[in-house]
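The values are calculated or read from the model by the stated rules, or taken from the named source; none is laboratory data. Remember, it's a predicted structure, so these values are computed and weren't measured experimentally. Reconstructed Cβ throughout: ideal geometry from the backbone, glycine too, with neighbour counts over all protein chains shown.
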Amino acid sequence: MELKEDERIDDLEYNNLKIIQNKKGFCFGIDSVLISDFARDIKQNTLGADLGTGTGIISILLSCKTKLSKIIGIEKQKGIADMAIRSVELNKLQDKIEIRNMDIKEIFEKELLERETFDFVVTNPPYKKENTGKTNENEYKYISRHETTAKLEDFVKTAKYLLKDKGSMYIVHRPNRLVDIIELMRKYKIEPKRIRFVYSNIEKEPTLVLIKGIKNAMPFLKIEKPLIIYDSNGKYTDEIYKIYDKNK
């Protein structure tokens, strides 16, 4: 496959999957890998949406980690959506993944996708509020990291619009936004059911939080055991090796 300027093909280190990324753009991190593993309880033959799919990593991983029927990746930035489309083709996953270049807000504002027809929604939205953190990044990086084109509420509202009754929403975010996430999920009738905190190592504060919510469910929240990325020697823990399907 011919690459464009500044593009490269990276190994996802799982099942021989590959992904196209731009060296000057926002590249995937372990958060995308962890949310795809957290969502492995997705049921067989289900339809899902990946909101803010970026280069398509979550959709690609989920298409191989689960027995989903189809997942639609939504990405507003045309250049990034194009990379996602080519990554899907590179992995020969066109029968399971469809990438659409659209604004998630227009999904419910213009009804671009049919209401209440999706079994699950997964998302790794921008973590930072607009006008916070670094402001000297290029446009691709800034939009990927900051709530410029869509706020956290837009992601939750879109999930509510798309999900069937009892459909599932999976989200990865920063722990300091946990109250905001729970408040918004309940506002849009998505009840938080599972929460798992992710730590770089056991001595530090959590760096990520994984959340699953179910639309129109009764309240009952399970806090799962912490996920530790590195052991005391600075190497991946057994669980992280298992997530990557690797042996030590």
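If you scan region 175-189, which residues turn out to be assigned to a helix (DSSP H, G or I) and not aliphatic (A, V, I, L, M)?
Of everything in region 175-189, those that are assigned to a helix (DSSP H, G or I) and not aliphatic (A, V, I, L, M) turn out to be P175, N176, R177, D180, E183, R186, K187.
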What pairs can you find where one residue is in region 21-33 and under 14 Å from L61 (Cβ atoms), the other is charged (D, E, K, R), and their Cβ atoms are less than 9 Å apart, with a gap of 6+ or different chains? F28/D10; V33/E13
Within region 109-160, which residues are assigned to a helix (DSSP H, G or I) and at pLDDT 95 or above? L152, E153, D154, F155, V156, K157, T158, A159, K160
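With the requirement that a residue be under 13 Å from P175 (Cα atoms) and free of Cβ contacts under 8 Å to residues at least 60 places away in the same chain, what does region 205-225 give you?
Step one: of region 205-225, the residues under 13 Å from P175 (Cα atoms) are 205-211.
Hits for region 205-225 are E205, P206, T207, V209, I211.
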Looking at K96, K43, K105, can you tell me which residue is under 23 Å from L227 (Cβ atoms) and of a type in the set (K, R)? K43
When residues of region 174-192 are filtered for being hydrophobic (A, V, I, L, M, F, W, C), within 18 Å of the chain's Cα centre (by Cα) and more than 16 Å from L162 (Cβ to Cβ), how many remain? 3
Within region 198-248, considering residues that are of a type in the set (G, A, S) and surrounded by 11 or more Cβ atoms within 10 Å (Cβ to Cβ), the one nearest to Y14 (Cα to Cα): S200
Any residue in region 76-104 that's touching a residue at least 40 places away in the same chain (Cβ under 8 Å) and over 18 Å from K18 (Cα atoms): show its pairings with residues that are outside any helix (DSSP H, G or I) and among the aliphatic types (A, V, I, L, M) at Cβ separation under 6 Å, as long as the two are six or more apart or on different chains. I104/L51; I104/I74; I104/A150
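When you go through I74, I35, I30 one by one, which is the residue that is buried (at least 17 other Cβ atoms within 10 Å of the Cβ) and touching a Ser or Thr at 6+ places or on another chain (Cβ under 7 Å)?
Details: I35 fails: touching a Ser or Thr at 6+ places or on another chain (Cβ under 7 Å); I30 fails: touching a Ser or Thr at 6+ places or on another chain (Cβ under 7 Å).
The match here is I74.
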Tell me which of these A49 doesn't satisfy, since it passes every other one: (1) of a type outside the set (V, I, T); (2) part of a loop (DSSP other than H, G, I, E, B); (3) at pLDDT 95 or above; (4) buried (at least 23 other Cβ atoms within 10 Å of the Cβ). (2)
Suppose we filter F220, F197 for residues that are over 21 Å from D50 (Cβ atoms) and part of a strand (DSSP E or B); which single one remains? F197
Would you pick out the residues in region 171-188 that are surrounded by 15 or more Cβ atoms within 10 Å (Cβ to Cβ), closer than 21 Å to E116 by Cα and not β-branched (V, I, T)? L184, M185, Y188
Condition met for L163 (closer than 24 Å to L221 by Cα, at pLDDT 95 or above and touching a helix residue (DSSP H, G or I) at 6+ places or on another chain (Cβ under 8 Å)): no
Which ones in region 26-41 are acidic (D, E) and in a helix (DSSP H, G or I)? D31, D37
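Here is a list: S63, S36. Which entry is more than 12 Å from the chain's Cα centre (by Cα) and of a type in the set (G, A, S)? Quick ask: steps written out before the conclusion?
Numbers: S36 fails: more than 12 Å from the chain's Cα centre (by Cα).
It is S63.
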